[in-house]
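All remarks here apply to the structure that follows.
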Amino acid sequence: MFGASVISNNFIGKLDDPEKVSQMSDTTTCVRAPEVSEEGYASLAASVHRASTIVFPDSAAYANRAERGADGYSYGLSGTPTTRKLQAAINELQTAEGTLLLPSGQAAIMLVFVSVLKPGDTVLVPDCAYAPVRSFCKNFLAPRGIHHRVYNPLASADEIAELFDETVRLIWVETPGSTTMEMSDVTALVAKAHASDILVGCDNTWATPLNFKPVSVGVDFVAEALTKYPGGHSDVLMGSVSVRDRDWFLSLKSMMSMMGLGVSPDDCALVLRGLETMPLRLRHSQKVALEFAQRICDQVSPDLVLHPALPNDPGHALWKRDFSGASGVFSIVIPDEKVSFVTEAIDCAKTFSIGASWGGTHSLLAPMSVAADRTFPWPGDANMILRISIGLEDPDDLWRDLQSIVDAIAS
Ligand SMILES: *Cc1c(COP(=O)(O)O)cnc(C)c1O
């Protein structure tokens, strides 16, 4: 009996034929629940469309599935309508020609590197790059014959261009830099690079597309950790690459499918939800962070506070020229002789948590030690730089924790 019903399944018509569905055996009904009407259904929430297989109306449609193109649906890995909705939102915010979603911000950066670079090529990376980028260059690219050279992000575009030679294919930019917050003159770097047929990629995680749109100044690839402000609630990991040129978009997309990379529609729905409140969250965090940074400057020394929106920050002019706002992340340089007092104050913090992945609703402290990752000595060889991410708690509660840290520095 069981065998017979399995065989009869082969003759069952399309899923949307209710009569045929009603004739099915219980076993089949368990597998193919009846279609229900979606008429009149409208929701403000992003629908979660999950799929590994995409099914086709007939054999010809299946045989010709490649004709559906980069934006069509042919296999779950390359996206469902939920994935597309998030891609479309990020793409529009970035003013790009195409956007891809990856399982993490680090994977997004990696996709650009492996798609663009071939053995014998060189990539230039800034000393202030998100640290795993450097490990990727050293431990993955170098053994495969792809070279990297580290440049000083505080150097001028002219000085950085002196590193250009015929092997340089890509220059990576992160502005402001991770933890040490150096600003880069992206416009000048793009002009220099493009004049030498070198592509430019930028990690725009700190700014988000609300505060800077690198494609608008000619950057070819913009990587972001959606894990941070877009996700916004410390519960999802995702990255995006937004591409300025459609052919490069297609090339990166094909690399992604060859590598079997994709993201979960459930995670996309979480990021779409986060995106809805991102402008408000950012505006709040920016305001509180800048107020705190200024207060710390006033109470200790402006030289110890790294925040490009502060008028006396060395990167301020570039920030003001290129960015329309700031986020809630900045750093304080801890003088070596104060490290033990500050560590004690960090450990006693009541409202801040200690952790790395910033950009969520919970405020974070991350005592960072950058010296071991750097080629150029900066800043003043400090052993600890405290990275601060301002979330959404009451600013007075947050300040009580920071006041103890400031007192520890001033002690
Ligand atoms: C967090 C971060 C990344 C990596 O993002 P993940 O999603 O955690 O892999 C990349 N770049 C910057 C600047 C980041 O802060």
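Taken together, the values in this text are just the output of simple stated rules run on the coordinates, not laboratory data. Here the structure is a predicted model, which is why all the values come from computation and not from measurement. Methodologically, a virtual Cβ is constructed for each residue, glycine included, from the backbone with ideal geometry; neighbour enumeration extends over all protein chains shown.
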The residues Val186, Val125, sorted from fewest to most surrounding Cβ atoms within 10 Å, come out as Val186, Val125
Give me, ordered by chain and number, the residues 5 or more places off Gly98 or on other chains with an amide H under 5 Å from its own placed amide H. Val243
Using just the C-alpha positions of the chain as equal point scatterers, what log10 of I(q)/I(0) does the Debye formula give at each q in 0.13 1/Å? -1.09
Under 14 Å by backbone N from the virtual spin label 7 Å along Cα-to-Cβ at Gln294, the residues of region 309-323 are 309-313
Region 278-410, Rg to Rh (Cα coordinates; Rh as Kirkwood inverse mean 1/r): 0.94
Taking 8 Å as the Cα distance limit and 6 or more residues as the minimum spacing, I'd like the relative contact order of the chain as a percentage. 15
Would you please give the residues with an amide H less than 5 Å from that of Val168, counting only those at least 5 places away or on a separate chain, with H modeled from the backbone geometry? Thr122
Eigenvalues of the alpha-carbon gyration tensor of region 98-201, times 5 and square-rooted, give semi-axes in Å, largest first, of 19, 17, 14
With the cut-off at 1.5 for a/c, could you classify region 70-113 from its C-alpha gyration tensor as rounded, prolate or oblate? oblate
GNM result for the chain, Cα springs below 10 Å: residue of Glu38, Glu166, Glu92 fluctuating most strongly: Glu38
CD proxy, 222 nm, the chain: helix-only mean residue ellipticity via -39,500 (n - 2.57) per DSSP H run with n ≥ 4, per residue, nearest 500, stands at -11000 deg cm²/dmol
By Cβ neighbour count within 10 Å, fewest first, Ser178, Ser52 rank Ser52, Ser178
Using the per-residue mean of other Cβ atoms lying within 10 Å as a proxy for protection, in what order, highest first, do the peptides 133-144, 222-233, 277-288 fall? 222-233, 277-288, 133-144
Counting only DSSP beta bridges with both residues in region 59-272, what percent are antiparallel, rounded to the nearest 5? 40
Counting only residues 5 or more apart in sequence or on a different chain, those whose built amide H sits under 5 Å from that of Lys228 are none
